[in-house]
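For reference, the structure is listed below as structure tokens.
The values are calculated or read from the model by the stated rules, or taken from the named source; none is laboratory data. Everything numeric in this text was worked out from a predicted model, so none of it was measured. Here the Cβ is made from the backbone with ideal geometry for all residues, glycine too, and neighbour counts use every protein chain on show.
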């Protein structure tokens, strides 16, 4: 199929428009993060800072407990990712391999949980966690994040398990390998990349999460990065733009890096899950 | 020998299956299904935060109050406006981008990488970023408007007329990646030969899209728009950071409304009732969507 030159040109113009629309807010954030206060106050802001500075970053760390917040975020995200994958993988295996009522119910839950308004779940969770004295604690938040990350983790993992041919497991069984042995030495290695991708995805989800953290974490020293970031915005909605931009930029870097690693697999995982239905 | 071992092994497997399922099933029941039911029950009580008398069943009083709560229905209307206003452009723009990314264009890798960036960002950062863009003095939007000579620009997020459109643009931007990736996945499953055959028969681009591409991606398109509608209706962080529901409640989505009711004013029961109404509406939307899918099945 040949595409005419005018159509090609139109396509490039459209693609360029998309690139600009998608990229410019992020570029502006970076630009703002490196601008000195005087330039931020001027009425004619420029794309490229005239006197680039790191002062905003220093000020951001002075104003808010960013290091503590980053540590809390890291613990919450890592904890959620590891636990979610540990408990989701066996269940995804059963859901993919055994068509039982339980599997169907679990699949139904995966779909329905997407429609939950969090507000209906957060009030009871708040009350339950309060009784367990897990309010304002990172472990309590991890518990919530695990359950919150489970639907998508299950969805991805079921796709990955389906991609491992059941014949391989049967062949291993014929060769005399027990069920556990088959799972450990045949299925698990083939699933490993998918498990890692799922864990990283759960990590990003938890790292970025805001609503549950806002409700469940009360004191600044326990709060995660997204919650602490909102403290840069004052009560009147007035914000110190430079430090705000600097902190926001830093908070994004980890998820961007992780996302770059798993980008291909996410697309693959969505495909695998989609083909199933 | 085989027969003898087959029966116990099968039962063992069933036990094994339970063993495999329980670690995930317990948290799901305790922290997801349980709270959901508890939440629905709370909607029929006068539960409040930090009060000493025991909570009482009050029947449907919360719902009756809700019926006359004009502020809530206003917020509900804004929520629907927002959800539709974000989902539709999101879908059209993502479809355009997915179609472009499915072509053999140069710079496609860059566009693919960039198209996904908003997905990786914390919603709070997306909100902060666009606050910087919309900032009346130091923002790039007003500066560009001044440069082109279209006037002085305005305070987008605090203007009564501009606040909702401004946050809708952010919503579209933030949700485009998932939609694009899903549609692109659908496009790549479209049989290439069909396209070529249609082109041979002299079908123009629009006709090829309608007869070949659209039928192939329709199931994915329906699924992702339904999910987007739900996600957008339930969204919270973006608008919380951008406007906190202001000015004058013009961007107060139902989630923000319920959040304030529950955690600022401590009206747990009343807020739970709002949550129930939101679930009901979402269920109706889902039901319509399901009917649409079934009807498609009838057509063949």
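Can you say whether residue B:249 is on the phi > 0 side of the Ramachandran plot, surrounded by fewer than 22 Cβ atoms within 10 Å (Cβ to Cβ) and either part of a helix (DSSP H, G or I) or in contact with a helix residue (DSSP H, G or I) (Cβ under 8 Å, 6 or more places away or on another chain) (or both), as far as the supplied structure shows?
Details: on the phi > 0 side of the Ramachandran plot: yes; surrounded by fewer than 22 Cβ atoms within 10 Å (Cβ to Cβ): yes; either part of a helix (DSSP H, G or I) or in contact with a helix residue (DSSP H, G or I) (Cβ under 8 Å, 6 or more places away or on another chain) (or both): yes.
It is true that residue B:249 is on the phi > 0 side of the Ramachandran plot, surrounded by fewer than 22 Cβ atoms within 10 Å (Cβ to Cβ) and either part of a helix (DSSP H, G or I) or in contact with a helix residue (DSSP H, G or I) (Cβ under 8 Å, 6 or more places away or on another chain) (or both).
Do you know which residues across segment A:95-107 are closer than 18 Å to residue B:27 by Cβ and surrounded by fewer than 24 Cβ atoms within 10 Å (Cβ to Cβ)? Break it down stepwise before answering.
First, the residues of segment A:95-107 that are closer than 18 Å to residue B:27 by Cβ: A:95, A:102-103, A:105-107.
Hits for segment A:95-107 are A:102, A:103, A:105, A:106, A:107.
Look at residue B:87 and say whether it is within 29 Å of residue A:147 (Cβ to Cβ), at pLDDT 90 or above and away from chain A (no Cβ under 14 Å).
Values: within 29 Å of residue A:147 (Cβ to Cβ): yes; at pLDDT 90 or above: yes; away from chain A (no Cβ under 14 Å): yes.
So residue B:87 passes the test.
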Selected residue [at pLDDT below 70, crowded, with 17+ Cβ neighbours inside 10 Å and at the interface with chain B (Cβ under 10 Å from one of its Cβ atoms)] from A:267, A:224: A:267
Entirely in segment A:108-175, the helices (runs of 4 or more DSSP H) that have 1 or more residues that are within 12 Å of chain B (Cβ to nearest Cβ) and in contact with a strand residue (DSSP E or B) (Cβ under 7 Å, 6 or more places away or on another chain): none
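With respect to residue A:40, is the statement that it is farther than 30 Å from residue A:149 by Cβ and at the interface with chain B (Cβ under 7 Å from one of its Cβ atoms) true?
Values: farther than 30 Å from residue A:149 by Cβ: yes; at the interface with chain B (Cβ under 7 Å from one of its Cβ atoms): yes.
When the stated conditions are applied, residue A:40 passes them.
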Selection within segment B:139-164 - touching a residue at least 40 places away in the same chain (Cβ under 8 Å) and assigned to a helix (DSSP H, G or I): B:163, B:164
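In segment A:33-55, how many residues are assigned to a helix (DSSP H, G or I) and at pLDDT below 90?
Filtering segment A:33-55 for residues assigned to a helix (DSSP H, G or I) gives A:33, A:37-41, A:55.
Now drop any that are not at pLDDT below 90, which leaves A:37-41, A:55.
Here the count works out to 6.
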Among the candidates A:232, A:212, residue that is touching a residue at least 12 places away in the same chain (Cβ under 8 Å), surrounded by fewer than 24 Cβ atoms within 10 Å (Cβ to Cβ) and touching a strand residue (DSSP E or B) at 6+ places or on another chain (Cβ under 8 Å): A:232
Test: residue B:106 is part of a loop (DSSP other than H, G, I, E, B) and within 11 Å of chain A (Cβ to nearest Cβ): yes
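Would you confirm, using the coordinates I've provided, whether residue A:262 is at pLDDT 90 or above, under 20 Å from the mean Cα position of the chain (by Cα), surrounded by fewer than 24 Cβ atoms within 10 Å (Cβ to Cβ) and assigned to a helix (DSSP H, G or I)?
Values: at pLDDT 90 or above: no; under 20 Å from the mean Cα position of the chain (by Cα): yes; surrounded by fewer than 24 Cβ atoms within 10 Å (Cβ to Cβ): yes; assigned to a helix (DSSP H, G or I): yes.
Against the criterion (at pLDDT 90 or above, under 20 Å from the mean Cα position of the chain (by Cα), surrounded by fewer than 24 Cβ atoms within 10 Å (Cβ to Cβ) and assigned to a helix (DSSP H, G or I)), residue A:262 does not qualify.
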Output for segment A:31-41, where each listed residue is within 19 Å of residue B:153 (Cα to Cα) and exposed (fewer than 14 other Cβ atoms within 10 Å of the Cβ): A:41
So residue A:82, is it closer than 30 Å to residue A:216 by Cα and more than 10 Å from chain B (Cβ to nearest Cβ): yes
Residue tally, condition assigned to a loop (DSSP other than H, G, I, E, B) and within 8 Å of chain B (Cβ to nearest Cβ), over segment A:91-107: 2
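Of A:110, A:164, which residue is within 22 Å of the chain's Cα centre (by Cα) and buried (at least 17 other Cβ atoms within 10 Å of the Cβ)?
One residue alone meets the criteria, A:110.
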Test: residue B:203 is within 12 Å of chain A (Cβ to nearest Cβ), without any contact (Cβ under 8 Å) to a residue 40 or more places away in the chain and under 20 Å from the mean Cα position of the chain (by Cα): no
